[in-house]
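J.: Dropping a structure here in structure tokens format, bear with me for questions.
The values are calculated or read from the model by the stated rules, or taken from the named source; none is laboratory data. Note that this is a predicted model, so its numbers are computed, not measured. Cβ placement follows ideal geometry from the backbone for every residue including glycine, while neighbour counts extend to all protein chains displayed. Heavy atoms of the whole protein, side chains included, go into the accessibility calculation; ligands, DNA and RNA do not. Shrake-Rupley method; radii C 1.70, N 1.55, O 1.52, S 1.80 Å.
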Amino acid sequence: MSVIDELLRANEAYAAQFTKGSLPLPPGRKVAVVACMDARLDPARALGLEEGDAHVIRNAGGRVVEALRSLAISQALLGTDAVIIVHHTDCGMLTFTDEGIRRQLRQTLAADADHVAFLPFSDMDASIRDDIAVYRSSPLVRKDIPVRGFIYDVRTGRLREVEASRA
Ligand SMILES: [Zn+2]
């Protein structure tokens with residue numbers, strides 16, 4: 001059985017127990033989470049979120065610049081009024097450079113990725129501060145709400161706050 005078939009089997013079991021089919025569209029707890037896609041980080045479990053509670057926007061590194069489109073929709077159309085940014089220890093974004101991945105994509109896929117910023121970083125706390133600065137400089141998102149950035153420790157499951165922004 002392929003992994004996708006395994007997921008479909010798991011979904012059958014999930015749907016058989018499902019009881020949350022009448023939740024409203026806007027997130028009930030009015031919060032948006034921007035988090036790294038790392039497989040060891042489960043934002044729902046780590047932050048005590050249930051279906052219907054929050055928007056969880058994930059990408060490689062949990063970079064805000066790649067989440068701005070979703071954050072704008074989350075706030076303007078669906079009423080979220082708090083943002084938590086979660087990066088984490090041992091992140092894969094610490095392990096490569098733009099030049100390295102561009103070279104690899106050129107070799108394996110014959111892809112020209114020279115114009116793509118893959119947004120690796122070398123300092124986790126700096127990556128949170130950079131992302132809060134990106135948030136604050138974007139015209140698309142609200143500046144009158146709490147925006148807080150954390151590092152999640154993959155060994156302990158604990159969050160450490162790096163920076164908070166409240167204009
Ligand atoms: Zn990561």
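J.: Of Val3, Val34, Val56, Val83, which residue is open to solvent by less than 30 Å² (accessible area, probe 1.4 Å), out of contact with any Phe, Trp or Tyr (no Cβ under 8 Å at 6 or more places or on another chain) and modelled with pLDDT of 95 or more? If you could, list the steps in order and put the result at the bottom.
T.: Working: Val3 fails: open to solvent by less than 30 Å² (accessible area, probe 1.4 Å); Val56 fails: open to solvent by less than 30 Å² (accessible area, probe 1.4 Å); Val83 fails: out of contact with any Phe, Trp or Tyr (no Cβ under 8 Å at 6 or more places or on another chain).
The match here is Val34.
J.: What's the number of the condition Thr95 fails, among (1) open to solvent by less than 50 Å² (accessible area, probe 1.4 Å); (2) within 14 Å of the ligand (Cβ to nearest atom); (3) not aliphatic (A, V, I, L, M)?
T.: Single failed check for Thr95: (1).
J.: Right, here's the next one. Out of (1) buried (at least 17 other Cβ atoms within 10 Å of the Cβ); (2) assigned to a loop (DSSP other than H, G, I, E, B), what's the single condition that is false for Leu71?
T.: (2)
J.: In the stretch 129-167, what residues are touching a Phe, Trp or Tyr at 6+ places or on another chain (Cβ under 7 Å) and among the hydrophobic types (A, V, I, L, M, F, W, C)?
T.: Hits for the stretch 129-167 are Val141, Val147, Leu159, Val162.
J.: Within the stretch 10-63, can you find the residues that are in a helix (DSSP H, G or I) and within 14 Å of the ligand (Cβ to nearest atom)? It would help to see each step written out before you state the result.
T.: Of the stretch 10-63, the ones in a helix (DSSP H, G or I) are 10-17, 43-47.
Once the filter is applied, which keeps residues that are in a helix (DSSP H, G or I) and within 14 Å of the ligand (Cβ to nearest atom), the stretch 10-63 yields Pro43, Ala46.
J.: Within the stretch 99-127, track down each residue that is assigned to a helix (DSSP H, G or I), within 16 Å of the ligand (Cβ to nearest atom) and without any contact (Cβ under 8 Å) to a residue 40 or more places away in the chain.
T.: Correct list: Ile101, Met124, Asp125, Ala126.
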